[in-house]
Amino acid sequence: MRDVWSLYSEKVMEHFKNPRNVGEIENPDGIGHVGNPVCGDIMELYIKVNNNTIVDAKFKTFGCGAAIATSSMVTEMVKGKPIGEALEISNRAVAEALGGLPPIKMHCSVLAEEALKSAIEDYLAKNCGKENNGANEMPAEVGSNTKRRC
Amino acid sequence: MRRIYLDYTATTPTHPEVVKAMLPYFTDAFGNASTIYSYGQEAKGAIEEARDKVADLIGAQSEEIVFTSGGTEADNFALEGVAFAKESKGNHIITSSVEHHAVIETCKFLERRGFRVTYLPVDEYGLVAPDDVKRAITDKTILISVMQANNEVGTMEPIAEIGKIAKEAGIYFHTDAVQTVGHIPVDVNELRVDLLSMSAHKLYGPKGVGALYIRKGTKLIPFMHGGEQERRRRASTENVPGIVGFGKATELAQHEMAEEAERLVYLRDQLTEGLLERIDYTRLNGHPIKRLPNNANISVDFVEGESMLLNLDLEGICASTGSACSSSSLEPSHVLRALGLSPEQAHGSLRFSLGKWTTEEEIGRVLEVLPKIVVKLRAMSPLLKSHR
């Protein structure tokens, strides 16, 4: 018999035990709020954007071990990334960075991706009219997505 | 790290004396009980001895006990067996909304086969109202099935009262007694049940064996076909070591039950009261008094059950939750929802079930560890903020 049996990978457990970036950002540039109580997972993701780059990210999550670990991982992955690159982070990438998730937990990584996208969309929507001020310039590659919201 | 097991409702360790009683039937006394030579008769004798012990524990006659592969099979057998035997008389079944999946899913299967099922609601404690049973009876009703004690919240249903109603109406009455047999006194005549499901591994017996009590004269279709075993009601070569173990477990339970129940009630109350006192925004789920001696089920607001379980596991403590984050449906426990808990509260539930080897020291350890875990998880919960 193995000494220790665990539902999750070591990496998931490590992020679960010591989640990074827990909390809220004061005056965030974008907030993503996803999930619903019926499924038992609710994620809130806050981002701070400077020069079109995510300079800080924090989260608050009500959910299972995988939900907490994916929240923690996604905030780590986006920090320092330009908006365009951050939008390309897929749920699979989050799961892979965690050393994989049990199949029934993959939805948690989807939630993490959606939380991030939702925070970025919130940021872009708030900054639609500010393209010309330079500081928070909207990236061309997501323009079509955001114009609809303006 | 020393592990603290508080999930005796999920399963119990097999009692060492039970294992000892079983061992000869794997090797020396390995015979097939259907054979006429000494090996076979030796096995047959052991089965009948076990049957006597199981029957004795629930006030039944030996020939009213049919051994099965477990509680789930006993439930399936009772429901399908009666439904298909009584099909020509009626197609209506009454059950409750807090049954084990072994009953609920069997009912759903029967619904797909043309039967009609009434799922009775429960009150905030999980109690079925006998009057609701009475009102649900129609001239097509062929079976009533209500569990004796709920596996999740521990609530004890008014079985004797429902039994009286069923008897007066001439309708078969089944109870899933998987959580009660061997833990509290169960008497099939006092309860007025016609069918009663049991499982060995919930009372320090082995896994893979259970039984269905079938009152003499009750008509039901055999569950397995292909042999003469169990008076033709359940074909298949008997699981002799398992049955012997079940018998031994019921014998031990008979002697230890009363004292053990008292000890567990004391520890259970210490745990529940201690947790409610130490952690704010918590509640007890299930009935405060009419509950299993070993069941402590609480809801902790703003945090999710699996994340609490994982943190407890990191401290060596094994418990259970009604949160369904780990099931594919993602829906929280149907039992907690039937009690009226919100999805958040159901996801934030924890079940501790105590047993023979639970100590006061272990309860103390949970009381020390869980409040810290809740503080940690609440600090990252978006629900706490929106509440404030």
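Only the coordinates and a few stated rules stand behind these numbers; no lab work does. All values derive from a computational prediction rather than experimental measurement. Cβ: placed from backbone, ideal geometry, glycine included. Neighbour counts: every protein chain shown.
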Once you charge only the Cβ atoms, +1 for Lys and Arg and -1 for Asp and Glu, what is the size of the charge dipole of region B:16-252 about its Cα centre, to the nearest 20 debye?
-> 700
Choose one of B:I137, B:L212, B:H101: the residue whose Cα lies farthest towards the positive end of the charge dipole of region B:16-252 (beta-carbon charges +1 Lys, Arg; -1 Asp, Glu; about the Cα centre).
-> B:I137
Taking r as the C-beta separation of A:K81 and B:K385 and R0 as 35 Å, the FRET efficiency to the nearest 0.05 is 0.85
How do A:46-55, B:346-355 rank on mean C-beta neighbours within 10 Å, highest first?
-> B:346-355, A:46-55
What translational D, rounded to a whole number of µm²/s, comes out for the protein assembly as shown from Stokes-Einstein when the hydrodynamic radius is the Kirkwood one over Cα pairs, at 37 °C and 0.692 mPa s?
-> 128
Any idea how far the Cα center of region A:14-81 sits from the one of region B:1-43, in Å?
-> 51
Beyond 19 Å, the calculated P(r) of region A:10-140 holds a percent of Cα-Cα pairs equal to 43
For peptide B:378-385, compute the average count of partner chain beta-carbon atoms within 10 Å of each residue's beta-carbon.
-> 6
Can you put B:W357, A:W5 in order, fewest other beta carbons within 10 Å first?
-> A:W5, B:W357
Mean per-residue count of partner chain Cβ within 10 Å for B:342-348 equals 4
Rg/Rh ratio calculated on Cα atoms of chain B (Kirkwood radius) = 0.99
Charge dipole magnitude, Cβ of K and R +1, D and E -1 - region B:95-197, Cα centre, debye nearest 20 = 480
Reachable lysines, given that their alpha-carbon falls under 21 Å from the alpha-carbon of B:K86 and they are not under 8 places away in the same chain = B:K108, B:K134, B:K140, B:K164, B:K167, B:K216, B:K219
For residues of A:53-63, the mean tally of beta carbons on other chains within 10 Å = 4
Among B:75-86, B:358-369, B:216-227, what's the highest-first ranking by average C-beta atoms within 10 angstrom per residue?
-> B:75-86, B:358-369, B:216-227
Based on the Cβ-Cβ distance from B:D56 to B:A261, what FRET efficiency comes out when R0 is 22 Å, to the nearest 0.05?
-> 0.75
What helices in chain B pass both tests, a Cα length along the helix axis of 20 Å or more and a mean Kyte hydropathy of 1.6 or higher, using whole DSSP H runs?
-> none
Helix-only mean residue ellipticity at 222 nm for the protein assembly as shown, each DSSP H run of n ≥ 4 adding -39500 (n - 2.57), per residue, nearest 500 | -12500 deg cm²/dmol
Simple Cβ-charge dipole of the protein assembly as shown, Lys/Arg +1 and Asp/Glu -1, about Cα centre, in debye nearest 20 = 900
